[in-house]
Every structure is written in structure tokens, then in C-alpha cells.
Amino acid sequence: CDWSSDVCSSDLLIVVGTRHSEGLRSALVGSTAIQLAHTADSPFVVVRERWQPAPNAPVVVGVEPSSDAAPVLAAAFEYASRHGRNLRAMFCWEPFIYAAHEHWPADAERVRDTAGVWLSDALSGFRSVYPDVTVVADLVCDYPAAGLVKASSDAAVVFVGVGGSRLSRILGSVAATVLHQASCPVEVIPR
């Protein structure tokens, strides 16, 4: 990493830890993790202090309807395969938000059906590459960050993507919220 140039780029996975302390700081990750979230061009993992996954804890991956979902899915499938874990692919949707979007039907039930078809299509290619991974496609009516944070309570690791410009990373994202509030390690895949 070259911190002086605000760019961290590598084919390696960066792993940082965080300590829990009392009060408000217990919910926040450290400055190194925040710096990575704003500047890293390579994947990184933030591991919580005293974290211990259950033997059957799934890998959770947050998926959104974009062409950039493939790198996040690839990383999550690879991890699940390598560690013999199930994969929970979550698409969190909030009907009032998507009802206003021109590419989604206004009816909430149809939004859920459309999301289900999209998620199934997004997972299909990876299912054939990783036949050893048991996949649960999960449509959750919740804001993406909130849904993933809730899922982190019984997950081995949560995978999220962070995309766009560095400015959008600074202004906030699902990944930043999950980094701050997840109970388990979070692996961030820059797009």
C-alpha cells in the first residue's frame, strides 16, 4: 500500500483487525479500515476481536442488480467452496424505493418476483462453477445495510462490494455501514 498517494492496489488480500471497546467506539471500526474503505483498489477484510464463527455459519454475500455484482459473487463463492460453507446470497429490497424506479414494476409483489429472477440469473453461472457450494438465494425486505448487518450475527463472513468513485465511498455506502456494525468479519471487494 502506498498511503502517501491514497491508493492501495494489489493482487493480495489485505486483512486488518479491530478491537471492541466500551461505548460508542465499540460499534466503530478503526481508522485503518476506514482508510481502506476510502482508498483500497484491492479486496480487504476487517476481522472483529474475539470473533469465533459457528461450525455451520454460512458465508453471506450482499448482491445488487448491477453488472458489478460478479466480482463480489466470485469472491464469496470461492471462499464458501474453499472453507466448505453454505452461501447465503442476499438481495435486500425495500418496496417503496424500487416502486419509484423506472426499471422495476410498481407492484411490490412483482418487485419481489423480478428481484428473484434477477438474483437467480446472477447466481446461475457461479452455481455451475462451484457445484460443491450449497446456495440459498434470499430476498429480504429491508434496507441493504440493515439486512446485511442482521445477517452478520450468525455468519462466518459477509462479502460486500464497494463501487463508484472514491467520493461516493467517502459520502457513505452499504459497505461502510456494514463495516461499522457487522458482528463478523467483512470482506470488501472494490469494483
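In this entry, Ala27 passes the filter for residues that are modelled with pLDDT under 55, closer than 17 Å to Ser153 by Cβ and open to solvent by 40 Å² or more (accessible area, probe 1.4 Å). Do we find a residue being at pLDDT 70 or above, open to solvent by 40 Å² or more (accessible area, probe 1.4 Å), closer than 17 Å to Leu148 by Cβ and in contact with a Cys (Cβ under 8 Å, 6 or more places away or on another chain) anywhere in segment 54-71? Looking for residues that are at pLDDT 70 or above, open to solvent by 40 Å² or more (accessible area, probe 1.4 Å), closer than 17 Å to Leu148 by Cβ and in contact with a Cys (Cβ under 8 Å, 6 or more places away or on another chain), one finds none in segment 54-71, hence no. Please work out which one of (1) part of a helix (DSSP H, G or I); (2) at pLDDT below 80 is the condition Ser81 fails and give its number. Looking at each condition in turn, Ser81 falls short on (2).
The values are calculated or read from the model by the stated rules, or taken from the named source; none is laboratory data. Quick caveat: nothing in here was measured; it's all calculated off a predicted structure. Cβ atoms come from the backbone with ideal geometry, glycine included; neighbour counts cover every protein chain shown. What goes into the accessible areas is simple: the full protein's heavy atoms, side chains included, and nothing from ligands, DNA or RNA. Shrake-Rupley method; radii C 1.70, N 1.55, O 1.52, S 1.80 Å.
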